[in-house]
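The values are calculated or read from the model by the stated rules, or taken from the named source; none is laboratory data. This is a predicted model, so every value here is computed, not measured. Ideal geometry is used to build each Cβ from the backbone, glycine not excepted, and the neighbour counts take in all protein chains shown. Accessible surface areas use protein heavy atoms only, side chains included; no ligands, DNA or RNA. Shrake-Rupley method; radii C 1.70, N 1.55, O 1.52, S 1.80 Å.
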Amino acid sequence: MTGSDRARPAGNAAVHTQVCIIGGGPAGMTLGLELARRSVEVIVVEQSGHFDRSFRGESISPDSVWLLERLGILDKVRDQTLETRRMQIMDGGQVVLDADFSAFDQPCRYPMELPQPPLLSALAEEGASLPGFTLLRRSTAVELLRDGEAVTGVRVRGPEGDVEVRAALTVGADGRFSKVRQMAGLPYEKIPLERDFVWFKVPVPEVWDPHTYRVRILGNRHGLFIPTVPDLVRVGFNIPKGGLREMRGQGLPALYERIDELAPEISQEVRESVTSWSDTSMLDIFTTVVNRWSMPGLVLIGDAAHTLTPVLGQGVNHAITDAVMLAPLVAPVLRGSGDHRSALLRATERFQHEREQAVARSRDLQLRQERAFALSGTVPVALRKLAYRLVSSNDALKRRIVAGIYYPLQEAHRTGRTVVRVAPSAPTAPTASSAPTAHLGAEPSDV
């Protein structure tokens, strides 16, 4: 294993590390990098052999842009990003809300479209430069290792066979269908929404500003039209839960008709780009509530701990924030001496306490938006339009709502309510501390 696949262990071997992270997505890769920069030995287990695969989570909120800039990652991928400068909602063919992100006085004010392959590659490349970072590709977690009720690592299946990775802390960062969460037996509630989403990409039409996020609503139907790199639009529209088979049975004309209703400006691009159902993908829309994110020796982060919906691009944002918040809480414990088990459990419980309120706010907002999008009937639709227009016409109210969605972390950091510190690019010197310090575990060597 170079930093990525350095001295890969042979089958039936046992290796020891301080932290084993299952899942090499934004949460897992960011956490691995932040821990390695704090002189913590970490192994990231990723089932794919490469990052060049399709993702839907390309929207990065301004708070995540700010975090990636502080991590020193943004400059490595900036040429593969696209800023979103405005958001526009149309209902029944009329603009009911228009928001300009340039009006917000924050260090990073614009949401950004950033495909995950270059983001994950940049995180992996940075991790590979550190001696304590290992990325195990083409490997899958198949069993948690235990000592009584405590998790002590994970059995990993790779090309050379099974390997036991013994770790003081195992992290489930394996997404919305988390296998680690299932194996750990942590109870959760999956809340299905009434609709699923069909997604595809088409070229940006000439009549559209390529920096505007568009939401189109028509009765109980809606579509998201999100510009992305290099000159494309990600299109998503709702269908009834489990309704993909029925829509496919109607043929592609049913898809074309839906776009004709919602966004006739891109009808031609859709007909030229979507010539079979293989040009589309379907996302099962649900949210997951996990009451307890950790147990002795294990913690969940990202979608494994709190699956969100695609509305307003909050999933990747919370994944990256989780990683940046967790690392300074557990690193001092792992660098200390003695039995880490109790101190790590306290640190991971504190992590949930610090994060779950922000996650709950995003979930509640998304569910309210989903309910609003699903309204039908003359009176409910008229009330929805009125609500959006009232927000759009009241600058103070609009700024407060938009700021609560896109800038809570930057604002909390600015006012000192939450101090966010990322590790310096070079590994920090070990300390004798055996417990996390105040303010989200901030360490004196953090920057």
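Remarks
- Residue 161 fulfils the conditions (1) on the phi > 0 side of the Ramachandran plot; (2) in contact with a strand residue (DSSP E or B) (Cβ under 8 Å, 6 or more places away or on another chain); (3) not basic (Lys, Arg) except for a single criterion, (2).
- Of the residues making up region 118-136, those that are open to solvent by 40 Å² or more (accessible area, probe 1.4 Å) and in a loop (DSSP other than H, G, I, E, B) number 2.
- Here 60, 73 are screened, and the one residue that is open to solvent by less than 10 Å² (accessible area, probe 1.4 Å), in contact with a strand residue (DSSP E or B) (Cβ under 8 Å, 6 or more places away or on another chain) and not small (Gly, Ala, Ser) is 60.
- So residue 370, is it touching a residue at least 60 places away in the same chain (Cβ under 8 Å) and open to solvent by less than 30 Å² (accessible area, probe 1.4 Å): yes
- Any chance residue 179 is within 18 Å of residue 29 (Cα to Cα), out of contact with any helix residue (DSSP H, G or I) (no Cβ under 8 Å at 6 or more places or on another chain) and open to solvent by 60 Å² or more (accessible area, probe 1.4 Å): yes
- Residues (in a loop (DSSP other than H, G, I, E, B) and either surrounded by fewer than 18 Cβ atoms within 10 Å (Cβ to Cβ) or more than 19 Å from the chain's Cα centre (by Cα) (or both)) located in region 140-175: 148, 149, 159, 160
- Selection within region 28-52 - open to solvent by 10 Å² or more (accessible area, probe 1.4 Å) and aliphatic (A, V, I, L, M): 43
- Within region 335-441, helices (runs of 4 or more DSSP H) holding 2 or more residues that are of a type in the set (Gly, Ala, Ser) and modelled with pLDDT under 85: 438-441
- Restricting attention to region 58-100, the residues that are outside any strand (DSSP E or B) and on the phi < 0 side of the Ramachandran plot total 23.
- For region 101-117, the tally of residues that are open to solvent by 20 Å² or more (accessible area, probe 1.4 Å) and either at positive phi or not hydrophobic (A, V, I, L, M, F, W, C) (or both) stands at 8.
- Qualifying positions in region 393-420 - among the hydroxyl-bearing types (Ser, Thr, Tyr) and open to solvent by less than 30 Å² (accessible area, probe 1.4 Å): 406, 407
- Only one entry in 80, 106, 88 is under 21 Å from residue 410 (Cα atoms) and polar (S, T, N, Q), namely 106.
- Looking only at region 326-347, and only at residues there that are without any contact (Cβ under 8 Å) to a residue 60 or more places away in the chain and either touching a strand residue (DSSP E or B) at 6+ places or on another chain (Cβ under 7 Å) or not small (Gly, Ala, Ser) (or both), the one that is most open to solvent (accessible area, probe 1.4 Å): 339
- Counting the residues of region 188-232 that are open to solvent by 60 Å² or more (accessible area, probe 1.4 Å) and over 27 Å from residue 245 (Cβ atoms) gives 6.
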